[in-house]
């Protein structure tokens, strides 16, 4: 038996699975008159009786794999492994190595009792004898290296303010480093900060007082020569295969008078000359030089900043000229925008050339999943790996071998080796023993019709049977940020914790989400909190209509960033929710223009050129603060003190307004954290955030719900 739900076939097994994840089967024994019960669990991992519910603190038990690289012959992989250090309330990362004959093992050792050491950004030397990497073990990030044959690591660079990126030359003797160059102090008084930049704030860093400068370095002689101007920000250095030319991205020297886009430059080592070969018209996310040296591939757009258009594959002649849009006919975007709260070291590579220079391997998002496609120079495309319920977060390719980190709804991500026709071999199993202990449900995907009859993807995660309260299941609506982000087939610790508390969790990808084409991503432009809100609430209604075990009388809502804006908007326009938690949110778009690190150019794009001095009323019409007098829903506001993306003044306005109006409100301010609290904040602060979220819903949810 099958039924059709929103255009997707749902089998009878799925229908049963959605209602009770654990099925008890009755068997007759040979030597007893009475039947006995055994447990059957569709999730891999064994007998359900030996399992337990997931807890908030299990976040500290996860091991996170990321950013793989391959040796030149493709036989050996090195990747980053990140773990939680509760004693120091942070994270440490080391490099692991593996091949066909050996299970993953540590290549470097990073632990110190008084410092959180991180080894990351690995790279093989051209002959495969060394692995280079960045490490902060002497204070700032510097380049280090270690022989694969054994021995101790050795420090390669000693830049005063550290290194943010590097690339090795094919001759094994040189490298180019992106080193930090600090601005000149404008005041001798340490208590005074003088601002001269237009874009002077950056979430996670605070005041912007530096640029990235490229240096050509001799590894053996420890000598370095500056390549780029100190007043320009340069990044993404890439050598041609012959080692004669370096390509990189760099801003203009006076971006306030032109634009803040990164142009493409070439630097010829023999003549020490720098040439701009492409003036960018949009954001560029990656750069790769073809092995034959004729073409520079770019992942980006030609549509300014914060474009809703798909990230395309652009081909540029290596001597300069006009870019060729290879994937402009696609309805897919390069990259992976599937969000999660359980990922580190995602890597930055979106594209990689094949050895014959005739095609590129591209990381591509398709709705809820991401994978790899081979794109040929004529624009034709074949799927290399794109599999339901799999999200590729980073990859590397050498000698026709591909290593990738892949996550699933029940995995934070492990190392895999990929072949043709979706063949896949898992190589690491860092979290298997932990996940075998946990009683987890897999989210159930569905599609439904949103505003304007648009097709929208959604999911519902039902609680494990042992977590169910008496009566129907209370339901939590989760809303993602962005808005150009997406939910998908990745593991979500927060969602699983809510399910373990007995809640069903509903989440959707409304218009504005990435992965569904340019028109869909642009669907919320100049319309925040209108049709996108309708998409979201219709997804919740769909679950309530099709999953009768969910309780219409006990609905709750939460979201962060744009999801926090939407949470504030929803409680100001409906009273259907018993409680809400708004996180790193926005309530006043007009103020956001001048206080956020991206405010004026982010919202100006999303609201079709609206600016502070000509569109105040329009911006306030979309601002949740306008509807504060209509809010009746008890609300918990969680915000980081050092959030420069959605500044805490937004939370302060919202809290004061609601308390003045008599709305039950709780304001949780978390010091030392920024906009990334839920994804990479200090472990104890992440625990606190989740406990505040769950406790607030529990306060307004009785132990027994209605039947």
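The values are calculated or read from the model by the stated rules, or taken from the named source; none is laboratory data. Values in this document were obtained by computation on a predicted structure and should not be read as measured data. For neighbour counting, all protein chains shown are included, and Cβ atoms are generated from backbone atoms with ideal geometry for every residue, glycine included.
Against the test of being buried (at least 20 other Cβ atoms within 10 Å of the Cβ), modelled with pLDDT of 95 or more, more than 22 Å from residue 480 (Cβ to Cβ) and outside the structural domain of residue 207 (by TED's automatic domain parsing), the options 658, 677 yield a single qualifying residue, 658.
The strands (runs of 3 or more DSSP E) falling completely within the stretch 185-267 that include 2 or more residues that are surrounded by fewer than 13 Cβ atoms within 10 Å (Cβ to Cβ) and touching a strand residue (DSSP E or B) at 6+ places or on another chain (Cβ under 8 Å) map to 223-226.
Residue-by-condition table, conditions (1) more than 14 Å from the chain's Cα centre (by Cα); (2) under 29 Å from residue 606 (Cβ atoms):
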| site | (1), (2) |
| --- | --- |
| 312 | yes, yes |
| 319 | yes, no |
| 323 | yes, yes |
| 326 | yes, yes |
| 330 | yes, yes |
| 337 | no, yes |
| 343 | no, yes |
| 348 | no, yes |
| 352 | yes, no |
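Here residue 486 meets each of (1) farther than 22 Å from residue 527 by Cβ; (2) out of contact with any helix residue (DSSP H, G or I) (no Cβ under 6 Å at 6 or more places or on another chain); (3) crowded, with 21+ Cβ neighbours inside 10 Å; (4) assigned by TED's automatic domain parsing to the domain that holds residue 523 with one exception, condition (1). When restricted to residues that are in contact with a helix residue (DSSP H, G or I) (Cβ under 6 Å, 6 or more places away or on another chain) and closer than 19 Å to residue 655 by Cβ, the stretch 574-594 contains 13. Only residues that are under 15 Å from residue 415 (Cα atoms) and surrounded by 12 or more Cβ atoms within 10 Å (Cβ to Cβ) were counted in the stretch 95-114, giving 7. Put simply, of 628, 580 the only residue that is buried (at least 17 other Cβ atoms within 10 Å of the Cβ), free of Cβ contacts under 8 Å to residues at least 60 places away in the same chain and in a helix (DSSP H, G or I) is 628. Condition test on residue 415, is it in contact (Cβ under 8 Å) with a residue 60 or more places away in the chain, outside the structural domain of residue 493 (by TED's automatic domain parsing) and either in a strand (DSSP E or B) or in contact with a helix residue (DSSP H, G or I) (Cβ under 9 Å, 6 or more places away or on another chain) (or both)? Yes, satisfied.
Condition (residue is in a loop (DSSP other than H, G, I, E, B), in contact (Cβ under 8 Å) with a residue 12 or more places away in the chain and in contact with a strand residue (DSSP E or B) (Cβ under 8 Å, 6 or more places away or on another chain)) applied to the stretch 527-548: is it met by at least one residue? Checked against the condition, which is being in a loop (DSSP other than H, G, I, E, B), in contact (Cβ under 8 Å) with a residue 12 or more places away in the chain and in contact with a strand residue (DSSP E or B) (Cβ under 8 Å, 6 or more places away or on another chain), the stretch 527-548 yields at least one hit.
Among the residues of the stretch 446-496, the ones that are free of Cβ contacts under 8 Å to residues at least 60 places away in the same chain, assigned to a loop (DSSP other than H, G, I, E, B) and in contact with a strand residue (DSSP E or B) (Cβ under 7 Å, 6 or more places away or on another chain) come to 1 in all. Selection of the stretch 113-130 for residues being over 29 Å from the mean Cα position of the chain (by Cα) and closer than 18 Å to residue 80 by Cβ yields only 130. Residue 537 meets all of the listed conditions (1) surrounded by fewer than 24 Cβ atoms within 10 Å (Cβ to Cβ); (2) touching a helix residue (DSSP H, G or I) at 6+ places or on another chain (Cβ under 9 Å); (3) farther than 14 Å from residue 478 by Cβ; (4) at pLDDT 95 or above but one, namely (3).
Can you find even one residue in the stretch 77-87 that is in contact with a helix residue (DSSP H, G or I) (Cβ under 7 Å, 6 or more places away or on another chain), touching a residue at least 24 places away in the same chain (Cβ under 8 Å) and assigned to a loop (DSSP other than H, G, I, E, B)?
Narrowing the stretch 77-87 to residues in contact with a helix residue (DSSP H, G or I) (Cβ under 7 Å, 6 or more places away or on another chain): 84, 86.
This time we only want the ones that are touching a residue at least 24 places away in the same chain (Cβ under 8 Å), so: 84, 86.
Within this subset, residues satisfying the condition of being assigned to a loop (DSSP other than H, G, I, E, B) are 86.
The answer is yes; a qualifying residue exists.
Residues that are assigned to a loop (DSSP other than H, G, I, E, B) and over 17 Å from residue 218 (Cα atoms) within the stretch 132-159 comprise 136, 137, 138, 139, 140, 141, 148, 149, 150, 151, 152, 153, listed in sequence order. Against the conditions (1) surrounded by 19 or more Cβ atoms within 10 Å (Cβ to Cβ); (2) over 16 Å from residue 484 (Cβ atoms); (3) in contact (Cβ under 8 Å) with a residue 60 or more places away in the chain, residue 333 satisfies every one except (2). Among all positions in the stretch 344-357, there is at least one residue which is out of contact with any helix residue (DSSP H, G or I) (no Cβ under 6 Å at 6 or more places or on another chain), farther than 21 Å from residue 290 by Cα, touching a residue at least 12 places away in the same chain (Cβ under 8 Å) and buried (at least 19 other Cβ atoms within 10 Å of the Cβ).
Which residue out of 375, 392, 338 is under 27 Å from residue 522 (Cα atoms) and without any contact (Cβ under 8 Å) to a residue 60 or more places away in the chain? Matching residue, one of 375, 392, 338: 392. Can you confirm whether residue 338 is crowded, with 16+ Cβ neighbours inside 10 Å, within 24 Å of residue 246 (Cβ to Cβ) and touching a strand residue (DSSP E or B) at 6+ places or on another chain (Cβ under 9 Å)? In short, no.
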